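K.L.:
Okay, here's the structure, questions in a sec.
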Amino acid sequence: MSDHNYTPSSKVGKWFNDRLPLLTLANHLTDYPTPKNLNYWWTFGGILTFCLITQIVTGLTLAMHYIAHADMAFESVEHIMRDVNYGWLIRYIHANGASMFFLAVYIHIFRSLFYGSYKSPREIIWIIGIIIYLLMMAAAFMGYVLPWGQMSFWGATVITNLFSAIPLVGEGIVTWLWGGYSVDNPTLTRFFTLHYLIPFLILGLVVLHIWALHVPGNNNPVGIDIKKPSKDTVPFHPYIVIKDGFALLMFMIVFAFFVFYTPNILGHADNYIEADPLVTPAHIVPEWYLLPFYAILRSVPDKLLGVIAMLSAILILAVLPWLDTSKIRSAVFRPLYKQFYWILVADVLILGYVGAMPAEGLYLLIARVATAYYFLHFLVILPILGFKEKTLPMPLSITEPILGGSPNLAVAKNKESLDK
Amino acid sequence: MIGVSSNTSAAEKLEYLKTDWSFKGIFGKFDRGALQRGYQVYTEVCSSCHSMKYLSYRNLAEKGGPEFSEAQAKAIAASFEVTDGPNSDGEMFTRPGKLSDKFVMPYENVKAAQAANGGAYPPDMSVLVKARGGGVDYIYSLLQGYDEPPVGVTLDEGVYYNKYMYGNKIKMSNPLSDGIVEYSDGTISSVEQMSKDVTTFLMWAAEPHLETRHKMGFKAIIYLIILTILVYFSMKKIWSRVETEV
Amino acid sequence: MAEKKTKRRDFLFTATYAVGAVGVGAVVWPMIDQMNPDASVKALASTEVDVSTVNPGNTITVLWRGKPVFIRRRTQEEIVEAKSVKMDELKHPEKDEDRAKNPEWLVMLGVCTHLGCVPLDQKGDYNGWFCPCHGSHYDISGRIRKGPAPTNMEVPKYEFVNANTIKIG
């Protein structure tokens, strides 16, 4: 942003801008040169911003009616659903909004994995993104506890008990987290506090995420560095704004369908039973977006190692920019990586599926194989691939995508990805 | 996605009985007659053990529900004794119910309910339909699922056999029998009819704004489609200034 | 030809903006309306009070919609006093018979019309009520006589269900 010279045309604007350069910032955001070949997978950044704002706004309004007390939480949620004006709508948007948020973030992450957006010089953007993702999981987990249904209570019990795996201090930490000898009212009130806080931390990190993005600029489907601004770029407004808007509307149609026609399909029936510390539901399952990690946790027979495996599965992503040794960003020019990429996608989907199934028999075996492969992909395949893989010729720019004049696979592939 | 798993580990998996629910689908609405009859079944049969603590008598007259007239709902409310107080002497007293009162509970608390029912708590019915994996189909089937236990299955005192119950053992005796309720609208009260009516009533109780939700959803999605089309053409126009396709 | 094209494009953009604005409005409304009284609050709009134990010269205070309602059983002298006040002495002229349908019973919201405090009973220069917050004096009909309050204390909608029961709201 430092390279930006902008002077407001009006006197008042100039006076204000000299003291607080908000207009410079606004001008930077509208003029921000964006690669013009970005495909629709790139619209999920905007969609995620929408999701965050939706969650914050609906969450604030719900907090005006919700009562964070073990005796009243369930009832206050029913009060919201029945009596508060549009309460049912706001709550269903918030509950399904969490799922839509994760759907979007997974697409966003896998887009980054496919096009190598995490590589130099964008490592910081990526790491901030992983922190946001971790905070999202924490916020979602604590939010799920608030209605104080059976799944809330037992989910909270199971997840907080993960900390008891820590040697020596584990038990103490769990008691500290609970504020008692079990999940109870003190746990609920602190979870509510944190659930309220975390979205604002996420918001702050999103600002940093975008700031860090605006330093090198967007990656693009071809994955090459581009000059900006140039004939390879378009100004963010109106080109990207309208395109993001179009994609967002499509996303909202899906969102609306969930909210209005199947609002409870992504939740669990047991959460409409008020929390009962004496009875555990027959099948404890987390929300769908946490299932792959839940599968990893259960696939390890040792308590401490299971927790370590689950955490490593997320944290390993933070060091991905250094595990992937290839200099080529886009999978379009990496035929082998592309295949491993799709295997990883399948692997994560399988983990999600077995995470929802009982941890026994064949499911357990599949979970173990899939867990092993997950780590194999990041720790072994990616580092080796960078040295062994024969990549396809790279174009010089996104408008003149041919190097050396021979029409080859790269061009065809490139064209294909651009057309998407 | 995960909600349906509650019956998977039952030894023999039985398909739930199906019926045509008027409230399913994009334009789904409740059948008022079924809701009113269902309320009658609930009051005359279920409510002796099952509470419905999140509903108020005023709900019975609200739009999208059984839509009793205000006078009818008031009369219904007044037919119940509600504990109120304390009065100026510091004592609790009873008075006839008002529209703003919550449904009167059959037992003071969970412990009292358990004590009166052989240790099993008859669950509150306010959100029961949403609290069961199979939803309305499950409740509808369960009410018609009572049967003689198969050979080899022994039942303890106070335990009954039900085809659709998880584990097949249920502590609620068969609540319905043909003609147990006399419908004021002349509908024949077969077990099947009553099951359907009371399940419809329970669906409304759990989702009182279902009709509004369906109507609003339709409008919202139509609106979004129109705006999406407009934005699409605007986008095409704007991007026509550069040669890249969108 | 070129002009026509621009016009159509302008129309397209205008339509898009307009339709989009409608949607924003439709989304904002539920977020605002959720702060309005909810269905359970609205349902509590009326309350019934047994006044059989109130003796002449006494006031009881009951809660209605979260606010105090004064119910005073006035003595004969008080009724005479309330009726004798001339309209031109009043800041907010209202006849006592318009405020108390049954002169023996004065039913009014016990909320000072200045800034909402609860006035004290049998205090002030006019034998009625006195608001301790900013010194408003009300007479035995609840009418403002002195001090910053602009209007008389409000009389809610009420009716006698029978001789001993008042229904407020």
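K.L.:
Given a Förster distance of 30 Å, report the FRET efficiency between A:I210 and A:L304 from their Cβ-Cβ distance, rounded to the nearest 0.05.
P.N.:
My answer for the efficiency is 0.20.
K.L.:
Could you please state, rounded to a whole Å, how far the C-alpha centre of the range A:292-324 is from the C-alpha centre of the range A:202-222?
P.N.:
Measuring centre to centre over Cα atoms gives 26 Å.
K.L.:
Can you sort B:T244, A:T193 so the residue with the fewest Cβ neighbours within 10 Å comes first?
P.N.:
A:T193, B:T244
K.L.:
I need the phi-derived Karplus couplings for the range B:85-98: 6.51 cos²θ - 1.76 cosθ + 1.60, θ = phi - 60°, integer Hz, Gly and Pro marked x.
P.N.:
Whole-Hz 3J(HN,Hα) from phi for the range B:85-98: x, x, 7, 5, 8, x, 10, 6, 9, 10, 8, x, x, 10.
K.L.:
For the protein assembly as shown, list the cysteines whose Cβ sits under 4.7 Å from no other cysteine Cβ?
P.N.:
A:C51, B:C46, B:C49
K.L.:
So, one more: Taking only DSSP H segments of four or more residues, each worth -39500 (n - 2.57), what value at 222 nm results for chain B once the sum is divided by all its residues, to the nearest 500 deg cm²/dmol?
P.N.:
Helix-only estimate at 222 nm: -11000 deg cm²/dmol.
K.L.:
Taking every alpha carbon pair in chain A, what does the distance histogram look like in 20 angstrom bins from 0, in percent?
P.N.:
The calculated distribution, bin by bin, is 23, 52, 24, 1.
K.L.:
If each of C:E48 and C:D10 carries a label point 7 Å out from its Cα toward its Cβ, how far apart are those two points in nm?
P.N.:
In this crude label model, C:E48 to C:D10 measures out at 6.8 nm.
K.L.:
If I model a spin label as a point 7 Å beyond the Cα along the Cα-Cβ vector, how far apart are those points for A:V279 and B:E108 in nm?
P.N.:
With each label placed 7 Å out from Cα toward Cβ, I get 2.2 nm.
K.L.:
If you average the C-alpha positions of the range A:1-66 and of the range A:255-271 separately, how far apart do those two centres end up, in angstrom?
P.N.:
32 Å
K.L.:
Right, next: Collect residues whose amide H, placed 1.01 Å from N in the peptide plane, falls under 5 Å from the amide H of A:K228; neighbours closer than 5 in sequence don't count.
P.N.:
none
K.L.:
Could you tell me which of A:A68, A:F102, A:P286 has its Cα farthest along the dipole of the protein assembly as shown towards the positive end, charges placed at Cβ (Lys, Arg +1; Asp, Glu -1), taken about the Cα centre?
P.N.:
So the residue furthest toward the plus end is A:F102.
K.L.:
Using only helices, what value at 222 nm comes out for chain C when you add -39,500 (n - 2.57) per DSSP H run of length 4 or more and divide by the total residues, to the nearest 500 deg cm²/dmol? Could the numbers behind the result be given before it?
P.N.:
Numbers: 4 runs with 50 residues, N = 169.
The helix-only estimate for chain C comes to -9500 deg cm²/dmol at 222 nm.
K.L.:
Something else about it: Could you go through the range B:208-216 in sequence order and give the Karplus-derived ³J(HN,Hα) for each residue, using 6.51 cos²θ - 1.76 cosθ + 1.60 with θ = phi - 60°, rounded to whole Hz, and x for Gly and Pro?
P.N.:
x, 9, 4, 5, 4, 4, 4, 5, 5
K.L.:
Taking amide H positions as placed in the peptide plane 1.01 Å from N, state which residues far from C:H92 in sequence (5 or more) or on other chains have amide H under 5 Å from it.
P.N.:
Long-range HN contacts for C:H92: C:I144.
K.L.:
Now, a different point. Which part of the range C:53-93 falls in the paramagnetic zone of C:D121, meaning amide N under 18 Å from the point 7 Å along Cα-to-beta-carbon?
P.N.:
C:53-64, C:67-79
K.L.:
Using unit Cβ charges (K, R positive; D, E negative) and no other charged atoms, how large, in debye to the nearest 20, is the dipole of the protein assembly as shown about its Cα centre?
P.N.:
In debye, rounded to 20, the protein assembly as shown gives about 3860.
K.L.:
Once you order the gyration tensor axes a ≥ b ≥ c over the Cα atoms, which shape class does chain B get: rounded for a/c under 1.5, otherwise prolate or oblate by comparing a/b with b/c?
P.N.:
Judged from the Cα gyration tensor, chain B comes out oblate (a/c at least 1.5, b/c at or above a/b).
K.L.:
Over the whole of B:235-245, what's the average partner chain Cβ count within 10 Å per residue? Rounded to a whole number, please.
P.N.:
Other-chain Cβ atoms within 10 Å of each residue's Cβ, averaged: 6.
K.L.:
Another question, then. Please quote Rg/Rh for the protein assembly as shown to two decimal places, taking the Kirkwood radius as Rh and restricting both calculations to Cα atoms. Write down the numbers at each step before the final one.
P.N.:
Details: Rg = 33.5 Å, Rh = 32.1 Å.
Rounded to two decimals, Rg over Rh is 1.04.
K.L.:
Further question: For the pair B:F233 and A:E360, what calculated FRET efficiency results from E = 1/(1 + (r/R0)^6), where r is the Cβ-Cβ distance and R0 = 56 Å, to the nearest 0.05? Intermediate results must be reported in sequence, preceding the final value.
P.N.:
Working: r = 54 Å, r/R0 = 0.97.
Efficiency computed from Cβ-Cβ geometry: 0.55.
K.L.:
Within 10 Å of each Cβ in peptide B:120-127, how many partner chain Cβ atoms are there on average? Round it to a whole number, please.
P.N.:
Whole-number average of other-chain Cβ neighbours for B:120-127 is 3.
K.L.:
Report, in listed order, any pair from A:K338/A:K390; B:K63/C:K42; B:K53/B:K215; B:K102/C:K67; B:K29/B:K74; B:K18/B:K130 with a Cα-Cα distance greater than 21 Å.
P.N.:
Beyond 21 Å between Cα atoms: B:K53/B:K215; B:K102/C:K67; B:K29/B:K74.
K.L.:
Which residue, C:V118, C:W105, C:H137, has the largest displacement toward the positive end of the dipole of the range C:42-168 when charges sit on each Cβ (Lys, Arg +1; Asp, Glu -1)?
P.N.:
Highest projection toward the positive end goes to C:V118.
K.L.:
On to the next question. Averaged across the residues of B:217-230, what count of C-beta atoms belonging to other chains lies within 10 Å of each residue's C-beta?
P.N.:
Counting other chains' Cβ atoms within 10 Å and averaging over B:217-230 gives 6.
K.L.:
Can you figure out the FRET efficiency of A:M72 with B:N87, using R₀ = 25 Å and their beta-carbon distance, to the nearest 0.05?
P.N.:
For A:M72 and B:N87, the calculated efficiency is 0.45.
K.L.:
Among A:V207, A:L376, A:N17, which residue has its Cα positioned farthest towards the positive end of the charge dipole of chain A, with +1 placed on the Cβ of Lys and Arg, -1 on the Cβ of Asp and Glu, and the dipole taken about the Cα centre?
P.N.:
Result: A:N17.
K.L.:
If the elastic network links every pair of Cα atoms under 10 Å, which of C:G57, C:G135, C:G66 fluctuates the most in the Gaussian network model of chain C?
P.N.:
Looking only at C:G57, C:G135, C:G66, the largest GNM fluctuation is found for C:G66.
K.L.:
Something else now. Among A:F257, A:F333, A:F50, which one shows the highest mean-square fluctuation when chain A is modelled as a Gaussian network with alpha-carbon springs under 10 Å?
P.N.:
Of A:F257, A:F333, A:F50, the Gaussian network model singles out A:F257 as fluctuating most.
K.L.:
Moving on. How would you rank B:32-43, A:338-349, C:10-21, highest first, on the average number of other Cβ atoms within 10 Å across their residues?
P.N.:
B:32-43, A:338-349, C:10-21
K.L.:
At what distance in angstrom do the alpha carbon centres of the range A:160-176 and the range B:107-161 lie from each other?
P.N.:
38 Å
K.L.:
With +1 on the Cβ of every Lys and Arg and -1 on the Cβ of every Asp and Glu, and nothing else charged, how large is the dipole of chain C about its Cα centre, in debye rounded to the nearest 20?
P.N.:
Once rounded to the nearest 20, the dipole reads 960 debye.
K.L.:
For C:S136, which sequence-distant residues (separation of 5 or more, or a different chain) have an amide H within less than 5 Å of its own amide H, given hydrogens modelled in the peptide plane?
P.N.:
Sorted by chain and number, the residues that satisfy this are C:C131.
K.L.:
Could you grab the relative contact order for the range C:42-168? Cα pairs under 8 Å, six or more apart, rounded to a whole percent. Don't skip to the end; give the middle numbers.
P.N.:
Details: 253 pairs, mean separation 30.7, N = 127.
Result for the range C:42-168 is 24 percent.
K.L.:
Still on this structure: For B:I226 paired with A:F375, estimate the spin-label separation in nm (one decimal), with each label point 7 Å from Cα along the Cα-to-Cβ line.
P.N.:
For the pair B:I226/A:F375, the computed spacing is 5.6 nm.
K.L.:
Residue by residue, what Karplus-based ³J(HN,Hα) values in Hz, rounded to whole numbers, does the range A:42-54 have, using 6.51, -1.76 and 1.60 with θ = phi - 60° and x for Gly and Pro?
P.N.:
Once θ is set to phi - 60°, the couplings for the range A:42-54 become 7, 7, 6, x, x, 4, 5, 4, 4, 4, 4, 5, 4 Hz.
K.L.:
So if I place +1 on the C-beta of Lys and Arg and -1 on the C-beta of Asp and Glu, and nothing else carries charge, what would the dipole magnitude of chain B be about its Cα centre? I want it in debye, nearest 20.
P.N.:
So the magnitude is around 1200 debye.
We did not get these values from a lab; they are worked out from the coordinates using the rules stated. On a predicted model such as this, the values are computed, not experimentally measured, just so you know. Note that each Cβ is placed from the backbone with ideal geometry, even for glycine, and that neighbours are counted across all protein chains shown.
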